[in-house]
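Working notes for the structure below.
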Amino acid sequence: MDFDLSPEQEAFRKVVRDFAESEIAPHAEAWDRDHTFPVDVVVDMGKLGLFGLPFPEAYGGSGADFTTFCVAVEELGRVDSSMAITLEAAVGLGANPIHAYGTEEQRQRWLPAMCRGEALGAFGLTEPDAGSDAGATRTRARLDGGEWVIDGAKAFITNSGTPITSVITVTAATGPGEISAILVPGGTPGLVVEPPYRKMGWHASDTHGLRFEACRVPEGNLLGMRGQGFRQFLAILDDGRVAIAALAVGLARACLEHSLAYANQRQAFGGPIGRYQAVAFKCADLAVMVENARNLTYKAAWLKDHDRPFKREAAMAKLYATEAAVTATREATQIFGGYGFMDETPVARFYRDAKVLEIGEGTSEIQRLVISRDLGLPVE
Ligand SMILES: Cc1cc2nc3c(=O)[nH]c(=O)nc-3n(C[C@H](O)[C@H](O)[C@H](O)COP(=O)(O)OP(=O)(O)OC[C@H]3O[C@@H](n4cnc5c(N)ncnc54)[C@H](O)[C@@H]3O)c2cc1C
């Protein structure tokens, strides 16, 4: 058994950490306050090779394994959840479906710019009336004169309205009980990108509702086989859940690091607050949570990299790591006392950013459902 990352993975972690600390951390508070999507920094992340990590060199990627991608997401998550989710969604939800299910022509058309970080893809699954129950999709697509005509709406779509959004993979009913995935290029007439949401956190991440009003794209924009959209997105979400868990590990780690520094420095009753067990034990519990979350996450990534089944482990990692991150941000805020409630303190931003991790790419309840079913229970 080997719990160590390879020397290459550790070296890469250092590169991403240095970038995150020098190019992201100093600005994260301002982006959060001003709700700025820092497109130049996203392009710089592309130059570092982050967006092409798990894709073959033939499409401009670097052919790294999924574990290495998780390391990158974790390191970004340690300083700024918004930039971490921008990367996670662009790779996991934007490029990954095209790489997994696209024709050679579709891959060559869309992936190279995405791998360079010059273009972002998005994934439109959730609808105003269909989230966890994604099979209840109401968006419709019908063939007319060699084109798909799409009508409907999507909700909460990450990276769907940035200046560099190139294409959105949209799930739509193409017949009774038949869901397919269709590529809709940004700027297609009939694709309406709604104004950005006002969110509790992830203020520097780009999230929009979308409307499709007789939106026409070529028949050849079908992604994968007709009627396979449901099966495809379930597989895509398994990958995404491991990466979201990695983001949560980074966030929980940041809480531990900030809490330790503050517990040693903040004075109360004639000494550092870390000498009180109530504070020290919180830090001890955070350390245990980080360790558990990391082990679950990297085991799931390792299984995927070794072509072993990992659905249950992905759900476990996502469930545990995201709930640990929410707990960690709450406890870190408590350790910081009144300063923890002030927006200029990083843990205040972490607290607001954490909650959505228990919701996106399958809620905690859906993860428990996946695990229960995998255990053989007849749960609904
Ligand atoms: C900031 C943000 C970014 C997002 N980005 C994307 C994106 O890029 N692409 C995309 O497609 N989606 C995206 N989403 C959507 C996200 O995946 C959904 O919000 C999530 O899957 C939950 O769906 P819902 O909001 O419709 O909640 P619902 O499905 O309505 O759930 C409401 C509550 O009911 C519970 N529930 C529902 N069904 C069951 C059940 N069978 N058993 C037990 N409990 C149940 C849920 O767990 C939850 O607590 C994003 C969401 C947010 C907030």
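Cβ-Cβ under 6 Å, sequence separation 6+ or interchain: first residue in segment 137-164 and in the same structural domain as VAL43 (by TED's automatic domain parsing), partner in a loop (DSSP other than H, G, I, E, B) and basic (Lys, Arg). Which pairs?
Note: no pairs meet the criteria.
Looking at segment 120-136 only, could you name the residues that are more than 19 Å from the chain's Cα centre (by Cα), of a type outside the set (A, V, I, L, M, F, W, C) and either farther than 14 Å from ALA172 by Cβ or within 10 Å of the ligand (Cβ to nearest atom) (or both)?
Of all residues in segment 120-136, those more than 19 Å from the chain's Cα centre (by Cα) come to 128-130, 133, 135-136.
Narrowing further to those that are of a type outside the set (A, V, I, L, M, F, W, C): 128-129, 133, 135.
Those that are more than 19 Å from the chain's Cα centre (by Cα), of a type outside the set (A, V, I, L, M, F, W, C) and either farther than 14 Å from ALA172 by Cβ or within 10 Å of the ligand (Cβ to nearest atom) (or both): PRO128, ASP129, ASP133.
From the list ALA122, ALA72, exactly one residue is free of Cβ contacts under 8 Å to residues at least 60 places away in the same chain and on the phi < 0 side of the Ramachandran plot. Which is it?
Selected residue: ALA122, the only one of ALA122, ALA72 that is free of Cβ contacts under 8 Å to residues at least 60 places away in the same chain and on the phi < 0 side of the Ramachandran plot.
For the condition of a type in the set (Lys, Arg), crowded, with 18+ Cβ neighbours inside 10 Å and out of contact with any strand residue (DSSP E or B) (no Cβ under 8 Å at 6 or more places or on another chain), what is the one hit in ARG368, ARG294? First the steps, then the outcome.
Details: ARG368 fails: crowded, with 18+ Cβ neighbours inside 10 Å.
After ruling out the rest, the residue left standing is ARG294.
Residue check: is VAL73 surrounded by fewer than 24 Cβ atoms within 10 Å (Cβ to Cβ) and not in a loop (DSSP other than H, G, I, E, B)? Explain how you work it out, then say what you get.
On the way: surrounded by fewer than 24 Cβ atoms within 10 Å (Cβ to Cβ): no; not in a loop (DSSP other than H, G, I, E, B): yes.
In short, no.
Scanning for something within 21 Å of TYR351 (Cβ to Cβ), in contact with a Pro (Cβ under 8 Å, 6 or more places away or on another chain) and of a type outside the set (Lys, Arg), does segment 275-284 turn up at least one residue?
no
Residue check: is ALA293 closer than 22 Å to ASP65 by Cβ and at pLDDT 95 or above?
On the way: closer than 22 Å to ASP65 by Cβ: yes; at pLDDT 95 or above: yes.
It is true that ALA293 is closer than 22 Å to ASP65 by Cβ and at pLDDT 95 or above.
Taking PHE281 as the residue in question, decide whether it is at pLDDT 95 or above, farther than 30 Å from ASP133 by Cβ and hydrophobic (A, V, I, L, M, F, W, C). Talk me through it step by step, then tell me what you get.
Working: at pLDDT 95 or above: yes; farther than 30 Å from ASP133 by Cβ: yes; hydrophobic (A, V, I, L, M, F, W, C): yes.
Yes; evaluated as a whole, the condition is true for this residue.
Just give me the residues in segment 347-377 being within 11 Å of the ligand (Cβ to nearest atom) and in a loop (DSSP other than H, G, I, E, B), in sequence order.
ILE359, GLY360, GLU361, GLY362, THR363
Among the listed residues GLU331, GLU344, identify the single one that is closer than 16 Å to ALA254 by Cα, more than 16 Å from the ligand (Cβ to nearest atom) and not in a helix (DSSP H, G or I). Outline the logic, then answer.
Details: GLU331 fails: not in a helix (DSSP H, G or I).
The unique qualifying residue is GLU344.
Test of understanding: among ALA245, ALA181, which residue is assigned by TED's automatic domain parsing to the domain that holds VAL370 and either buried (at least 16 other Cβ atoms within 10 Å of the Cβ) or modelled with pLDDT of 95 or more (or both)? Steps first, please.
On the way: ALA181 fails: assigned by TED's automatic domain parsing to the domain that holds VAL370.
None of the others qualify; the one that does is ALA245.
Would you check if GLY92 is crowded, with 20+ Cβ neighbours inside 10 Å, of a type outside the set (Ser, Thr, Tyr) and part of a helix (DSSP H, G or I)?
Values: crowded, with 20+ Cβ neighbours inside 10 Å: yes; of a type outside the set (Ser, Thr, Tyr): yes; part of a helix (DSSP H, G or I): yes.
Yes, satisfied.
Would you confirm, using the coordinates I've provided, whether THR322 is of a type in the set (S, T, N, Q), within 14 Å of the ligand (Cβ to nearest atom) and either within 19 Å of the chain's Cα centre (by Cα) or in the same structural domain as GLY63 (by TED's automatic domain parsing) (or both)?
Values: of a type in the set (S, T, N, Q): yes; within 14 Å of the ligand (Cβ to nearest atom): yes; either within 19 Å of the chain's Cα centre (by Cα) or in the same structural domain as GLY63 (by TED's automatic domain parsing) (or both): yes.
Criteria met by THR322.
Does ALA204 fit the bill of being more than 18 Å from ILE98 (Cα to Cα), part of a loop (DSSP other than H, G, I, E, B), outside the structural domain of ILE24 (by TED's automatic domain parsing) and among the aliphatic types (A, V, I, L, M)?
Numbers: more than 18 Å from ILE98 (Cα to Cα): yes; part of a loop (DSSP other than H, G, I, E, B): yes; outside the structural domain of ILE24 (by TED's automatic domain parsing): yes; among the aliphatic types (A, V, I, L, M): yes.
For ALA204, the condition - more than 18 Å from ILE98 (Cα to Cα), part of a loop (DSSP other than H, G, I, E, B), outside the structural domain of ILE24 (by TED's automatic domain parsing) and among the aliphatic types (A, V, I, L, M) - is met.
Give the residues of segment 268-307 that are among the aromatic types (Phe, Trp, Tyr) and not in a helix (DSSP H, G or I), sorted by residue number.
Scanning segment 268-307 gives PHE269, TYR276.
Going residue by residue through segment 56-74, is there one that turns out to be touching a Gly at 6+ places or on another chain (Cβ under 9 Å), farther than 20 Å from GLN228 by Cβ, within 16 Å of the ligand (Cβ to nearest atom) and modelled with pLDDT of 95 or more?
Checked against the condition, which is being touching a Gly at 6+ places or on another chain (Cβ under 9 Å), farther than 20 Å from GLN228 by Cβ, within 16 Å of the ligand (Cβ to nearest atom) and modelled with pLDDT of 95 or more, segment 56-74 yields at least one hit.
Looking only at residues in segment 139-189 that are closer than 13 Å to CYS215 by Cβ and among the acidic types (Asp, Glu), which one is nearest to the ligand (Cβ to nearest atom)?
My answer is ASP151.
The values are calculated or read from the model by the stated rules, or taken from the named source; none is laboratory data. Values in this document were obtained by computation on a predicted structure and should not be read as measured data. Heads up, the Cβs are rebuilt from the backbone with ideal geometry, glycines too, and the neighbour counts pull from every protein chain shown.
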